[in-house]
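The values are calculated or read from the model by the stated rules, or taken from the named source; none is laboratory data. None of the values given here were measured: they were computed from a predicted structure. Heads up, the Cβs are rebuilt from the backbone with ideal geometry, glycines too, and the neighbour counts pull from every protein chain shown.
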Amino acid sequence: MSTNEVTRLLAAARGGERRAVDELYALIYGELHGLAEARLRRERHGHTLQPTALVNEVYLRLDPNKGSWENRRHFFGAASRAMRCVLVDYARRRLADKRGSGLERVTFADLEIAAAEVDYDLVALDGALEELAREEPRLAEVVTMRVFAGMSIDETAEALDLSPATVKRDWTFARAWLGQRLDPGR
């Protein structure tokens with residue numbers, strides 16, 4: 001997908017062109033769906049949220065008519081944050097329904113962590129990410145894109161306009177920081 005085309009369509013959508021919104025959705029749907037599939041593959045077995053439903057929820061939260069995205073990078077950053085919000089809201093509803101008997105789990109094992117595999121409560125991860133965002137906003141963005149949108153190091157680097165080496169360093173530091181917050185006994 002052309003970065004310039006997404007930027008052009010975002011500008012047209014902000015200008016009120018309904019056709020541009022439809023074209024934008026058609027252009028980005030496949031990429032958002034792929035990100036959602038990758039993210040949901042790492043969820044617990046039997047997770048009931050489907051990639052299509054996740055993309056639709058994300059898109060509803062990202063009304064391009066009201067967004068102020070300058071380009072593809074800003075849009076996909078917002079999409080990553082929206083995906084995080086949808087998944088956290090889903091986990092909170094599930095916890096409320098079950099009164100805490102089952103926790104939504106996120107595993108970092110398949111995301112190149114050197115430490116032993118540890119599962120984290122999605123709601124606790126969201127709280128730790130909010131704390132990280134107050135201290136180091138860029139690190140929180142990297143984690144959000146990698147964990148909630150399932151982006152690779154290179155995709156995250158492109159989305160944030162950073163070098164892959166910087167993203168890799170940020171990712172390594174953020175994983176350690178989050179590991180310490182989520183499992184203080186480590």
Looking only at the stretch 97-149, filter to residues that are of a type in the set (Lys, Arg), surrounded by fewer than 22 Cβ atoms within 10 Å (Cβ to Cβ) and modelled with pLDDT of 85 or more; which one of those is farthest from residue 37 (Cα to Cα)?
134
Taking the stretch 128-175 on its own, how many of its residues are under 20 Å from residue 42 (Cα atoms), part of a helix (DSSP H, G or I) and of a type in the set (Gly, Ala, Ser)?
3
Can you pull out every residue in the stretch 150-161 that is surrounded by 15 or more Cβ atoms within 10 Å (Cβ to Cβ) and in contact (Cβ under 8 Å) with a residue 24 or more places away in the chain?
150, 151, 158, 159, 160
